[in-house]
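Take a look at the structure set out below.
No value in this document is a laboratory result; all are computed from the given coordinates. Not measured: the values here are computed from a predicted model. We place every Cβ from the backbone using ideal geometry, glycine too, and count neighbours over all the protein chains shown.
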Amino acid sequence: MSRSPVARRILRFVVPVVGGIALGSIVAASIFGDPIHIAAAPISGIAFFFLLAALGSASAPAGRITGTLAAGRLPGIQGPGSAPLVVPRAEPVLNPSGAVLNPQPTATPATGATLNGEPVALGTPESRSPRRPGSVRRTLGRVLTLLLVLAGIALALLPAGRLVAWHVAGIAEGRWDAADPRTGIHQQEMVDEIAAVAGGHRFTWVGFYDGYVLAGAPTDPTATTTDTFQWRYGRAARLGPATGNLDGLFDASGFDFGLVGAATRFAIADSGWTGLTSIYPSVRLGDDGDPEITVTLMTAYHSGSYVFSAEGEYRERFGSEWE
């Protein structure tokens, strides 16, 4: 590795950024499970340690001469067969006449206190040694490194930027489920992103799951076939062809999908069930020709469903527990 100053400066900027990307990818992969972050975490981690080693090599001092030196290469080195080098030893010289018993103190305190029982003037701030420029540079270097690491973390979180913002805003409001497609508060944004990929808000059904949303919609605005679309990891995509036709197709352009979270929370609270194993809200065409919300709940011992109108009004509940 080159030891040029330019290479060292570049590495000192790059290493913290790559380290931040690795850290951000690990955190995002553990929280969101996004394949992008799962792939980026080991790649950026390996790159970080490689660049860190390169920086250490570039910053190492130039090699020194080591090993056995041939005699006569440097002044003062004795060659083979030469007379041994004798270093004269200095003998100590005693001067009893110059010794002083109990000498007068000559030390001066740095600041304040007393000297031999007498108060002395305190040192002024001007008399103190100024801060060394090297320590200021080190402090600024640490601050810059921290900022570069934070920049790397921000770059890693860009693919999940909207999810991160939803989580942070929700936690600030005391809502840990703000980004949950079932009980959260962002269902409308999720469905709008699906509609952008599908080419409109016409659906045959929309289902909300733990961490993702699925929807059936026409393959294109004029098609008679349907595809399945998904919102997950903060982005929407087309999964591919779906079985079935356009039966049950409804226009959801005026439907408030934000009501899904409120309806689900009501159903959970009203049931009084604990240990829920499944929470499944969905939106389909109702018997009255308008979309309706159905929330299905399951435990190890119970199952039941709640039905709500397009305006979010409770209509009925049914299941083995209430029959």
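A cut-off under 12 angstrom between Cβ atoms defines the neighbours of A237, and their net charge, with Lys, Arg +1 and Asp, Glu -1, is +1.
Starting from the Kirkwood radius over alpha-carbon pairs of the range 205-323, derive D by Stokes-Einstein at 25 °C in a medium of 0.890 mPa s and give it in µm² s⁻¹.
On the way: Rh = 15.4 Å.
Roughly 160 µm²/s, to the nearest whole number.
Give me the extension gain from I38 to F266: residue separation times 0.36 nm, minus the current Cα-Cα distance, reported in nm with one decimal.
Numbers: separation 228, 0.36 × 228 = 82.08 nm, distance 3.56 nm.
Going from the current span to full extension adds 78.5 nm.
Figure legend: label point modelled 7 angstrom from the Cα of L249 along Cα→Cβ; residues of the range 279-302 with amide N under 17 Å from it are 284-286, 289-291.
Measuring how big the range 259-319 is from its alpha-carbon positions, Rg and Dmax come out at 11.2, 35 Å. Amide H contacts for G258 (H built 1.01 Å from N in the peptide plane; partners 5 or more residues away or on another chain; cut-off under 5 Å): Q188.
Gain in length, L150 to S303, computed as 0.36 nm per residue apart minus the alpha-carbon separation, to one decimal in nm? Working shown, then result.
Details: separation 153, 0.36 × 153 = 55.08 nm, distance 4.69 nm.
Length difference between fully extended and current span is 50.4 nm.
A quarter of the convex hull surface defined by the alpha-carbon atoms of the range 159-272 gives 7.8 nm² as the mean projection. Rounded to the nearest 0.05, the FRET efficiency derived from the C-beta distance between R162 and S4 at R0 = 56 Å is 0.85.
What net charge do the residues around L144 carry, taking every other residue with its C-beta under 11 Å from that of L144, with Lys and Arg at +1 and Asp and Glu at -1?
On the way: positive: R12, R137, R138, R142; negative: none.
Counting the neighbours of L144, the net charge comes to +4.
Across the range 221-237, rounded Karplus estimates of 3J(HN,Hα) from the backbone phi angles (6.51 cos²θ - 1.76 cosθ + 1.60, θ = phi - 60°) give x, 10, 7, 9, 10, 10, 10, 9, 10, 9, 10, 7, 6, x, 8, 9, 7 Hz, Gly and Pro being marked x. Evaluated on the range 187-250, the Kirkwood hydrodynamic radius is 11.4 Å, with distances taken between all distinct Cα atoms.
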